[in-house]
Structure formats: C-alpha cells, structure tokens
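Take a look at the structure below.
The values are calculated or read from the model by the stated rules, or taken from the named source; none is laboratory data. In this text, all values refer to a predicted model and were calculated from it rather than measured experimentally. Cβ sites come from the backbone with ideal geometry, for glycine too, and all protein chains shown count toward neighbours. Accessible surface areas use protein heavy atoms only, side chains included; no ligands, DNA or RNA. Shrake-Rupley method; radii C 1.70, N 1.55, O 1.52, S 1.80 Å.
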Amino acid sequence: MASKRYRLEWLKLLLGLVVLGSYLSWSVVERRLSVEAQEYKRLTAQTQIVDNYLNDQLAAISRVLNIVRNNIPDWRAANDSMAHANHEMEEYLKALTDVRNLSVYDRNGTVIASSQPELLHKNYQHRAYFQTTLNDPSPDTLHIGEPMLAVTGLYVFMVTKRIVDENGEFDGVVLASVDPLRFRTTLASVNYADDMWSALAHSKGKQLLMIPEQEGQRGKNLAQPGSFFTRHIESGRDTNLLTGTVYATGEKRVMALRTIRPSGLYLDEPLILAVGRDLDAVYKDWKRFALTRLIFFILISLVSCFLMYRVQRSKRRTEKAKRASAALIQQQNEQLNALNEELRKLAMHDALTGVANRRSFDERFELEWRRCRRETLPLAVVMIDIDYFKAFNDHYGHVIGDQCLQSVAQQLQQYSARGSDFVARFGGEEFICLLPNTDFDQAAQYAESLRLAIEQLNIPHASSEVSGRLTISLGFAVCIPGNDSASTELIVKADECLYRAKAGGRNQAVGVDGCGAPG
Ligand SMILES: Nc1nc2c(ncn2[C@@H]2O[C@H](COP(=O)(O)OP(=O)(O)OP(=O)(O)O)[C@@H](O)[C@H]2O)c(=O)[nH]1
C-alpha cells in the first residue's frame, strides 16, 4: 500500500518533469524560430538595400550610354577626330561613380572615342562583350559582360549597348567599364555583424567582389554543383534564403540571395547578390539560451528526484520505526496480559494446592448465592477438614504434609466434576465445596463420596486415632438463598456441622438442611 503511494508520488513527479521539459523544449524551439525569422528578415532587408543601389547605378549607366549613343552622329559630324566626344565623355564619367571609363567602339571593335585617351584606336573586337553586343540585334539590351581581369590587375565588367546606323544595322558599341570595387562601401554597409560577408557575382557564376575581401575570392567561379549560387539560379526565384556550406569558403552559413534585375532595363545577364551570416554566430545566443534551459532542467530533475528520495526514505524510516514500536507495544501488552493473568491466577488460587483460594471462594459464593436466590434453587456448602493433621505433620514432617494437602485438593477437585461445582482451600488443612442447584440429599451423597474418595487415596497416617490412613471430616449445609445475611449463616452452619462431625468421632459427614437441625 505504502509502496504504491510512493510509486504514485514518483509518477506525479515524473509527470511534472515531463510538463516542465515540454515547456522548456517548446520555449527553446520557439526562440530558435524567432531568431531564424528575425535573421532572415534582416538579411533580406540588407539585400534590398544593395539592390536599390545597383538599380540606381545601372539605370544611370544605361541613361549615360543612351546619351553617348545619341550624340555620336553629331560628334562624327563635328569632324574634330572625336575630340569633343572624348571631352564630353570625361564629363559624363564624373556623374558615374562606379564607372572607370566610357568608350565608343566602331563596328570593327576599334575605340573611336573614350574618356580614357590611351584606349583610343585600340581594337577589342575579340572581346566577349563586343561579340555579345554585336550578336544581339536589340539596341535596347543592356549587356552585362562577364567579369574580366583588367590591365590594372582588377576585375571589371563591361556594360555595353549596341549602336545602330540609320538602316538599323550594327554600327558599334558604347561601353562603360564598371569597377566592382566601387561597390565596396555599399556592400560593407549591409554587413551588420562581424561574422557577415556579402558578395556580388555575374549570373554566369564569376564572383566580382566579396566584402570583407578574402584571398582568392575575386573571379572565382561559383557555378558549381550544390553551391548557394547554383541553388539560387536553379530555384528560378529572384530571392532565396538558404542555409548550408558555402562553396567558395567552406563555411556554414545562412545566406540571402537576390537576383539584381532592375525593372525598366533590359539586362541580358543579371547580377547575383549574396548577403550572409555564419550559422554558429546567428545561433550563438540561442545556443546559450538552450544550454541554460537544459542545465536548469537537469538541475531541477536531479534536485527534485533527490528530495523525493530523501523524503520517501525518511517517511519509510518513520513508518518502520512506528511499526517496530507498535510491535513492541503489542508484545509488551501481551506480556502484560500474560502477567496479569498470572497475577489474577495467583490472586485467585492457592499457591500450594492449585485450587481456588478463600478470596476466590468468597466471590464465587456471592455470585452463586444471588443466582440461586434469583432462580430459587438450593445451594449447598461442604466444609472439609483433614483429621489429625497436626499429628500428621508432626509425624511425617511439613513437606510430606504439604504433599498430602496437594493430593487431597486434587482428589476433591476431581470429585467435583460438575461445571458449577467449586472447590477452594478455606485455610490451613480446611477445604470448602460450593454446590449450586444441589439439595440436601444430593449434598449428603456428595459429601460421602468425597469422604470415601480421600480414604481411597490410602495415604498412611500412623498418628490418626480413627484409622491407619488419612481421613477427612465433613460438615455441610443446604438452603434456598434468601436475604444476604443468610449467606454467612449457611457457612456458619456448615462449620457447625463439621465441628459435630469431629466431635462425633471424625471420618464422617454431618449436614443440615436450611435452618433445621443437622442430619
Ligand atoms: N504441612 C502443612 N500443615 C499445615 C498447613 N496449614 C495448616 N497446617 C497444619 O494443620 C494442623 C491443624 O491442626 P489442628 O487444627 O490442631 O487440627 P488437627 O490436628 O487436624 O485435629 P482435628 O482437626 O481436630 O482432627 C496444624 O498443625 C497446622 O500447622 C500447611 O499448609 N501445610
């Protein structure tokens, strides 16, 4: 029962810990989702900033290229070897912060005008950007050339537009050479944490710039299987939030990727922007949060289990002590009861002969007196005295005398076989028998049977004057009990009869019925 209660307590504790654990787990998951959502939101916002900036820049470049293209007929007509054109393009260049030079190529790829005079008359027909522009019939397309290593050792990319003559035929290329390093400040401005970097790549995969700059990153081809770049391109979406390993650096990152494709411009190849954070850094605080929750949970579990164990152990000990003391009390009670019983027996029995003592007789006599009075039944009292017992003692000694008393008592007890008959030692060598519901004749018969029974014991009594063996004299009285004072009278009468039996020669029984004379 107790162990069931203890098990129930453990079950309750376990249930409490499960609830607490669930709550803590939920709070940890919820915190992670919130961190994730917040980080994704911020990263997306950062790419938007760069997108806006590049939109403006590309739109400005497109507008300037259009202006240059529109001015070409006038510049040609001026017949000053495009000196005026070079000068104007230098002025336009000042408005374009990200552009290193503006040039005009004729249909054969030779520079006929440029903001950078040393490029004049050089031929770039073999360049991919020239060929791409040549092969695209649309004059509205803004061509974004693949990044290429410039003579300066820096990666640049060419933004070009096709020039057409009055017949719509290809007549050259207007070009802006864009220096991606000029985007450095903008890219750096979106890196709001130390672990961040942002990067810009051409849609064919070549990386233009990574901020903060890392060795060997510029010009790297990102179009590799499984790279963030490839996953973004393959998704077909303009924006993506991806986590995984960065192809270019091998770091674990969360990256926001965006295709830069300004509306209103007809770009043949967009730019791809990536802004990302180190995953460990993003979840650093969250990990600490999760760890503290875990430690808290483990501590609570350990402490509560330990306390439960201690409390139950102490309860068990108390219960055990209680049980032990209850058993002890019970044992002591039993001993006490046995002792009381012993005392009661001692108090009510004669120590030498084992039959009831005088006190016990008095109680019993009173009880039987009342009962017989109530039921109007006769009650007989027989007084028994051993003949010449003093002489017996003198002759055989007191030890044999005691044994003799025991034998007589036993014999009397045996001959008082009725359940209601009662034998007691009255004092010294005197015994008394109480016989309820016994009339005079029955009492006389009983007294005689006792006398004979003692005779039959055949106890030698060499000093007896009536016989060679032990004999007894008996006096009995019988009456139907009346008032209480008559009870003493009944015993007195039995004693008187005994006296008469002694006087009459001993070894005989003398009785009296009620208040009549002895018979
Ligand atoms: N051994 C022994 N003797 C006892 C005990 N109680 C009483 N007596 C003896 O019993 C004797 C009684 O003697 P008396 O009263 O003179 O009577 P009696 O010698 O029996 O003579 P009658 O009764 O006249 O036949 C005394 O000597 C007591 O000492 C007892 O417990 N043990």
Using a 1.4 Å probe on the protein heavy atoms only, what accessible surface does Y266 show? Give it in Å² to the nearest 10. 140 Å²
Assuming R0 = 45 Å, what is the FRET efficiency of K94 and D195, from their Cβ-Cβ distance, to the nearest 0.05? 0.75
Extreme residue, positive dipole direction of the chain, given options I72, T186, V512 (C-beta unit charges): I72
Between G226, N357, N135, whose Cα lies farthest towards the positive end of the dipole of the chain when Lys and Arg beta carbons carry +1 and Asp and Glu beta carbons carry -1, centred on the Cα centre? N135
For K41 and N167, calculate 0.36 nm times their separation in residues minus their Cα-Cα distance, and state this gained length in nm to one decimal. 40.3 nm
Segments 453-460, 29-36 sorted - mean Cβ within 10 Å per residue, highest first: 453-460, 29-36
Quick one: how many Å² of R316 are accessible to a 1.4 Å probe, rounded to 10? 120 Å²
Keeping all protein chains in position, work out how much accessible area E118 exposes to a 1.4 Å probe, and write it in Å² to the nearest 10. 110 Å²
Per residue accessible area in Å² of the chain, where ligands, DNA and RNA are left out and the probe is 1.4 Å: 52 Å²
Dipole moment magnitude, nearest 20 debye, the range 298-360 about Cα centre, only Lys, Arg, Asp, Glu C-beta charged: 440 debye
Of P378, A281, L24, which is farthest along the charge dipole of the chain in the positive direction, counting Lys and Arg as +1 and Asp and Glu as -1 at C-beta? A281
How large, in percent, is the carbon and sulfur part of the accessible surface of the range 358-513 at a probe radius of 1.4 Å? 47 percent
Dipole size in debye (nearest 20) for the chain around its Cα centre, Lys and Arg Cβ +1, Asp and Glu Cβ -1? 580 debye
By how many nm would the segment from S420 to V466 lengthen if fully extended, with 0.36 nm per residue of separation less the alpha-carbon distance? 13.3 nm
Spatially proximal aspartates and glutamates relative to K287 (Cα-Cα < 16 Å; intrachain offsets below 8 disregarded): E30, E36, E39, D278
Among 212-222, 325-335, the order from most to least packed when residues are scored by Cβ within 10 Å on average: 212-222, 325-335
